[in-house]
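The values are calculated or read from the model by the stated rules, or taken from the named source; none is laboratory data. Being a predicted model, the structure only gives us computed values, none of them experimental. Counting neighbours? That spans all protein chains shown, and the Cβs are built from the backbone with ideal geometry, glycine included. Only protein heavy atoms, including side chains, enter the accessible area calculation; ligands, DNA and RNA are left aside. Shrake-Rupley method; radii C 1.70, N 1.55, O 1.52, S 1.80 Å.
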Amino acid sequence: MIKLLQYRALFMSILFGLFGNALSKLLVIDEMTWYYTALASLIGLVVNLLVSFLLKGKWTTRMKNIVKIVCVLFFLGLITTVYLHTKFFMEGTFSYSDFNNKVSYYVKGYEYTAQALKFKNENPRITSDEDLVFEGFGGPKKKHLVWTEQSITDNTLKLIASYSLTIIFFVGIISVLLEVLVVHYGRTTMKHTKAVSGQ
């Protein structure tokens, strides 16, 4: 295990290979999946290297306490940003079922266009955004006719920001823990392992 941790770059690559797909599918928005995947990889690399750089130094009691506080803050940040991203996802997207009953999610706006409001008033049976997009405008490709461009852009930026923060906190806490295990506890663990095995 220690030898694997020593190759941190390889380990992070394996970690993203195993969980990167899960991160990109976190409350997936079909039209943004490609962006999420690329963003997660770039942020993961930068945060991992930054943490590694910041933790290089003398391992004192004060440093240990600081690292513990940082880990707690990263964890609280992760929980908070996951909550916010979930909230923005529920408020800023709409589901759409195609002819094969495959459900996809797309970013919507918060302000209807005059054309969409007129259609809703003329068709009071339309109660959901999915019905409005499908029956009134022919599908997600025409969503700019349902919501104003500015409101769609605002919701897109909210989702990107909340997703980015989630990745930062996730990679941050994993990187800190790996750095501590490898640099500051690796030698102790290896000595202990050799002593137990009688080498």
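Observations
- Radius 13 Å from Cβ of Tyr112, net charge of other residues (Lys, Arg +1; Asp, Glu -1): +1
- Cut-off under 5 Å, modelled amide H: who pairs with Thr93 long-range: Lys108
- When the surface is traced with a 1.4 Å probe over the full set of protein chains, Lys118 keeps roughly 130 Å² accessible.
- Put a dot 7 Å past the Cα of Glu91, heading toward its Cβ, do the same for Leu117, and the two dots end up 2.1 nm apart.
- Global form of the stretch 91-184, assessed from the alpha-carbon gyration tensor, a/c cut-off 1.5: prolate
- Karplus (6.51, -1.76, 1.60) ³J(HN,Hα), θ = phi - 60°, over the stretch 123-130, in Hz, Gly and Pro reported as x: 10, x, 6, 6, 10, 10, 5, 4
- Gyration tensor (alpha-carbon) shape descriptor, the stretch 71-113, a/c threshold 1.5: oblate
- Ranking by accessible area, most exposed first, for Tyr106, Tyr163, Tyr83, Tyr96 with a 1.4 Å probe: Tyr83, Tyr106, Tyr96, Tyr163
- Inter-label distance, nm, simple model (7 Å from Cα along the C-beta direction), Val72/Lys141: 5.4 nm
- For a modelled paramagnetic label at Asp98, 7 Å from Cα along Cα-to-Cβ, the residues of the stretch 118-161 in reach, with backbone nitrogen under 13 Å, are 140-141.
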